[in-house]
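I have placed the structure first, in the form of structure tokens, so that the comments after it can refer back to it.
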Amino acid sequence: MKGKAGRSIAAIGDVRAAVLRFCAEQLSRRLDTKPVEDVHQKVSACVQQVDPTMTPYIFGSTAVLGVHEQGSDVDFVCLSPADVQDGKGADAVSEVAKGLQSGFLFRLSEVVKREHYLWDIELVRRTRVPVLRVKGGLGADGVSFDVTANRRNGVRNSALLRAYFTQCPEARWLSMLVKQWSKKTGLNASVDGGCITSYGWNIMVVYYLLRRKLVKLVPVESCDVANIAPMPPYMPLETPQQDGQALAVMLMDFVNYYLDEFTPETEVMSLTRAAGETTKEMLSWTKQAEDMARIRGERIHYRWCIEDPYEFDLNVGRNVTPFKLMLLRKHLERAQETALLLLA
Ligand code: CTP
Ligand code: MG
């Protein structure tokens with residue numbers, strides 16, 4: 001079949017079969033969150049020794065999808081009672097706050113080294129957010145994880161994504177399909193030369209669902225850490241309904257939306273306002289802002305704009321350069337032919 005501009009489009013029957021194969025393969029693996037719960041317990045015990053008032057919260061894919069995909073890393077953030085009580089508060093970004101976070105993570109790293117001498121750990125202070133990295137392998141029960149401190153945004157944005165993905169049975173599958181494709185194509189930031197994090201892809205999936213009115217807008221303010229569980233419960237996945245028909249249609253429509261309907265020149269993917277209402281102009285995400293950032297020594301692009309729901313003035317798509325945008329389009333065109341490479 002041919003689409004716009006004479007491009008070939010995968011036949012929906014083939015897509016449906018491929019999508020079902022993907023889901024069956026996932027379902028044949030272990031997806032429960034028990035391995036994460038075990039690590040959560042071990043991290044909690046170490047945190048307890050450093051500061052018994054602090055609680056480690058899980059965020060990232062385990063919280064967003066409610067499953068643990070083997071090989072996926074796990075994200076922890078240690079929060080104080082004050083962080084939790086003020087569960088809608090903005091995260092501090094000052095150097096002083098970063099210093100305090102590093103201090104806590106350093107003390108935690110000393111305890112972790114003592115208690116789990118086989119774990120391969122590294123304290124990274126120079127990043128935007130100080131983080132303690134623990135590499136999987138036999139030592140850490142095969143699970144790799146990152147620990148940060150005092151930052152609520154990850155917990156809030158994970159709960160927000162989860163609140164969307166639970167509204168529609170196909171949504172979690174779509175998120176997993178898109179994530180896997182973004183990693184295979186090298187478009188995912190976790191791959192060398194990649195540009196959009198899994199987090200960014202998830203916002204893109206939700207924005208698409210909102211544009212198609214397949215989910216209802218969840219007010220960003222409704223996500224309050226005070227009401228979120230430190231270890232969100234496991235949500236088993238089920239074989240897609242209608243023999244995968246709805247999911248296959250959705251997957252092709254997702255590609256189609258970003259290839260032919262979304263207008264990157266003016267539009268911003270945002271979960272803050274009704275879908276379709278946020279423009280680059282409104283946020284002053286312009287060429288001039290790119291130039292100003294360059295003068296400050298930052299490389300920020302406003303070619304593919306994804307507004308972070310909780311961090312002010314942060315484009316989650318800031319690493320999408322004009323060249324990467326062209327690559328993204330090429331991969332989307334190929335995705336239309338191959339159903340996100342499922343038929344490649
Ligand atoms: N996150 C964030 N801001 C970013 C990137 C990530 O707040 N710019 C937080 C989000 O809460 C996200 C979590 O970090 O859910 C983990 O990010 P990421 O690893 O990109 O997503 P996962 O869903 O964990 O995907 P993967 O399986 O690839 O690890
Ligand atoms: Mg992750």
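Find all pairs meeting these conditions: Cβ atoms under 6 angstrom apart; at least six residues apart or on different chains; first residue within segment 199-225 and in contact (Cβ under 8 Å) with a residue 60 or more places away in the chain; second residue aliphatic (A, V, I, L, M) and open to solvent by 10 Å² or more (accessible area, probe 1.4 Å).
So the pair list comes out as Gly200/Val316; Leu210/Ala275; Arg211/Ala275; Cys223/Ala159; Val225/Val84.
Mind checking which pairs have a first residue in segment 109-121 that is in contact (Cβ under 8 Å) with a residue 40 or more places away in the chain and a second that is open to solvent by less than 100 Å² (accessible area, probe 1.4 Å) and of a type in the set (S, T, N, Q), Cβ under 9 Å, 6 or more apart or different chains?
From segment 109-121, the pairs are Val111/Gln49; Glu115/Gln49.
When you go through (1) farther than 16 Å from His331 by Cβ; (2) within 14 Å of ligand 2 (Cβ to nearest atom); (3) open to solvent by 20 Å² or more (accessible area, probe 1.4 Å) one by one for Pro169, which number turns out not to apply?
The number of the failed condition is (2).
From the residues in segment 186-216 that are assigned to a helix (DSSP H, G or I) and touching a Lys or Arg at 6+ places or on another chain (Cβ under 8 Å), which one is farthest from Ala274 (Cα to Cα)?
Going residue by residue through segment 186-216, those that are assigned to a helix (DSSP H, G or I) are 198-211.
When the remaining residues are screened for being touching a Lys or Arg at 6+ places or on another chain (Cβ under 8 Å), the result is 198, 201-202.
Details: Ser198: 23, Trp201: 19, Asn202: 17 Å.
Of everything passing the filter in segment 186-216, Ser198 is farthest from Ala274 (Cα to Cα).
Which condition breaks for Glu290 when tested against (1) out of contact with any helix residue (DSSP H, G or I) (no Cβ under 7 Å at 6 or more places or on another chain); (2) in a loop (DSSP other than H, G, I, E, B)?
(2)
Take the residues in segment 196-225 that are hydroxyl-bearing (Ser, Thr, Tyr) and within 12 Å of ligand 1 (Cβ to nearest atom), then tell me which one is surrounded by the most Cβ atoms within 10 Å (Cβ to Cβ).
The first filter runs over segment 196-225 and keeps only residues hydroxyl-bearing (Ser, Thr, Tyr), leaving 197-199, 207-208, 222.
Now restrict to residues that are within 12 Å of ligand 1 (Cβ to nearest atom): 197-199.
Working: Thr197: 18, Ser198: 19, Tyr199: 22.
Result: Tyr199.
Test Tyr302 against the stated conditions and say whether it is open to solvent by less than 50 Å² (accessible area, probe 1.4 Å), assigned to a helix (DSSP H, G or I) and within 25 Å of His331 (Cα to Cα). Show your work before the answer.
Values: open to solvent by less than 50 Å² (accessible area, probe 1.4 Å): yes; assigned to a helix (DSSP H, G or I): no; within 25 Å of His331 (Cα to Cα): yes.
Considered against the rule, which asks whether it is open to solvent by less than 50 Å² (accessible area, probe 1.4 Å), assigned to a helix (DSSP H, G or I) and within 25 Å of His331 (Cα to Cα), Tyr302 comes out as no.
Answer yes if at least one residue in segment 247-254 is within 16 Å of ligand 1 (Cβ to nearest atom), assigned to a helix (DSSP H, G or I) and surrounded by 21 or more Cβ atoms within 10 Å (Cβ to Cβ), and no otherwise. Talk me through it step by step, then tell me what you get.
As a first pass, look at segment 247-254 and keep what is within 16 Å of ligand 1 (Cβ to nearest atom): none.
For segment 247-254, residues within 16 Å of ligand 1 (Cβ to nearest atom), assigned to a helix (DSSP H, G or I) and surrounded by 21 or more Cβ atoms within 10 Å (Cβ to Cβ): absent.
For segment 60-88, enumerate the residues that are part of a loop (DSSP other than H, G, I, E, B), open to solvent by 10 Å² or more (accessible area, probe 1.4 Å) and within 16 Å of Tyr310 (Cβ to Cβ).
Correct list: Gly60, Asp86, Lys88.
Collect the residues in segment 35-85 that are aliphatic (A, V, I, L, M), farther than 17 Å from Val129 by Cα and within 16 Å of ligand 2 (Cβ to nearest atom), keeping them in residue-number order. Working first, answer last.
So the first thing to find is which residues in segment 35-85 are aliphatic (A, V, I, L, M), and the list is 36, 39, 43, 45, 47, 50, 54, 58, 63-65, 67, 74, 77, 79, 82, 84.
Among the residues that remain, those that are also farther than 17 Å from Val129 by Cα are: 36, 39, 43, 45, 47, 50, 54, 63-65, 67, 82, 84.
Those that are aliphatic (A, V, I, L, M), farther than 17 Å from Val129 by Cα and within 16 Å of ligand 2 (Cβ to nearest atom): Val36, Val39, Val43, Ala63, Val64, Leu65, Val67.
The values are calculated or read from the model by the stated rules, or taken from the named source; none is laboratory data. Predicted model only: the values in this text are computed from it and were never measured. Because the Cβ atoms are built from the backbone with ideal geometry, glycine has one as well, and the counts that use them run over all protein chains shown. Heavy atoms of the whole protein, side chains included, go into the accessibility calculation; ligands, DNA and RNA do not. Shrake-Rupley method; radii C 1.70, N 1.55, O 1.52, S 1.80 Å.
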